[in-house]
Each structure stands twice: as structure tokens, then as C-alpha cells.
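**Student:** Once you've had a glance at the structure underneath, I'll fire off some questions.
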Amino acid sequence: MTKSGLIEAITARMSHLPARDIEVVINTIFDTMTAALAAGDRIEIRGFGSFSVRHRRARTGRNPKTGAAIDVPPKRVPFFTVGHELKERVNSGAQKAAAAPSTERTA
């Protein structure tokens, strides 16, 4: 799902709100989450998961084209940990899809 798809889905469920207002809310949420991660904070959304920042140490890498050694500086990267409830819902959805008979016909 893309951000525009998310806005469309919320607009369909909340038909009394204009799509522009929903877009402002979604952008504000994402901007706030981005700012929190940039500041090194942890974000936890119960039932969904948590976002945190992990530190990667400096290392020596290789240029895949030439094979030359290059120094890769240390960096911070965002990391997502799936929540228990989301993991269960995804797995139960996959099991239902696997158990359902296929409706496709082969010629």
C-alpha cells in the first residue's frame, strides 16, 4: 500500500472528512515519526510494532565492480520490530489464503 492508497482507504471509511484534511493528518503523523527517529527516540504502536534506530559500526566494504576496498563510515539506520498482534493477524491471513480452494481455471 502506498501513502496515497492509505489516504484513499481512510477517506472511504471517513466519508465526512475531506481527503485534503486526511492527507494533512497522515503527513503530520509521518513527519512526527521521522523527527522522533532522527532524534534517536523509539516509537511503539501497540499491536502493530515498534520503530527504533540501530547503530552500525564502521567497516571495510568492497566495490562490487572493481573489488577495491572502501571504508564505510558508521551510521544509524531505522529498524522495525513487528508486534505480536500484527504477526498473528498476518499469519492467520496467510493460513486462510492457503486453505481456500483456488478459483482459477486452467485451460
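**Student:** Could you tell me whether GLY67 is on the phi > 0 side of the Ramachandran plot, within 22 Å of the chain's Cα centre (by Cα) and not in a helix (DSSP H, G or I)? Explain how you work it out, then say what you get.
**Tutor:** Details: on the phi > 0 side of the Ramachandran plot: yes; within 22 Å of the chain's Cα centre (by Cα): no; not in a helix (DSSP H, G or I): yes.
No.
**Student:** Under the condition of being part of a strand (DSSP E or B) and exposed (fewer than 11 other Cβ atoms within 10 Å of the Cβ), which residue from segment 36-60 is farthest from the chain's Cα centre (by Cα)? Outline the logic, then answer.
**Tutor:** Start the filter on segment 36-60 by keeping residues that are part of a strand (DSSP E or B), which leaves 43-45, 49-56, 59-60.
Next, from what is left, pick out any that are exposed (fewer than 11 other Cβ atoms within 10 Å of the Cβ): 54-55, 59-60.
Numbers: ARG54: 16, HIS55: 19, ARG59: 27, THR60: 29 Å.
Per the stated criteria, the residue is THR60.
No value in this document is a laboratory result; all are computed from the given coordinates. Note that the structure is a prediction, hence the values are computed from the model and not measured. Because the Cβ atoms are built from the backbone with ideal geometry, glycine has one as well, and the counts that use them run over all protein chains shown.
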